[in-house]
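Before I ask anything, let me first share the structure, which is written out below as structure tokens.
Laboratory data are not the source of any read-out in this text; all were calculated from the coordinates shown. Predicted model only: the values in this text are computed from it and were never measured. Cβ sites come from the backbone with ideal geometry, for glycine too, and all protein chains shown count toward neighbours.
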Amino acid sequence: MEGVESFLDILEAHDVPGSFYLASSEIHAFQELMIRMNQLGEIGLTAENDFVLLGQPMEVQRDRLLTAREQLGVREIHGVYPPAGFYDGNTIRAMEDIGATICSSRRSQVWCPASSIGGTM
């Protein structure tokens, strides 16, 4: 995590909040860093590892997101950045199921209100 402390110092010096997306399997080695990120902004969810969610059944995706949320010790999830930025309709349904509201990727941000979930993507 080279350079992250310096980046956090800059955010803190300028009172700029951040959104940090973390894979829960990697963060256990960086507990102090996670605490500081949480103090400087919000923790978003990616998954428990870097394997893509795309193409997996909704239940599998939901379980992976719940595992990551539990491992991170975060109760409320506002955003999800799917691993590698790839997602599908099952990802959005899984996010809605766990209470996440925004799906971010390199391509877009998708608002996920409960009323928009239902059709197959």
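In degrees, nearest 10, range 0 to 90: what is the angle between the Cα axis of helix 58-72 and the longest Cα principal axis of the chain?
20 degrees
Once you treat every alpha carbon in the range 54-94 as an equal point and sum by Debye, what is log10 I(q)/I(0) at q = 0.17, 0.22, 0.30, 0.33 Å⁻¹?
So the normalised log intensities are -0.42, -0.70, -1.15, -1.25.
Within 10 Å of each residue's Cβ, count the other Cβ atoms and sort MET34, MET95 from fewest upward.
MET34, MET95
A follow-up question, please. Which entry in (1) 47, 12, 8; (2) 26, 15, 12; (3) 37, 15, 10 is this structure's computed semi-axes √(5λ) of the Cα gyration tensor in Å?
(2)
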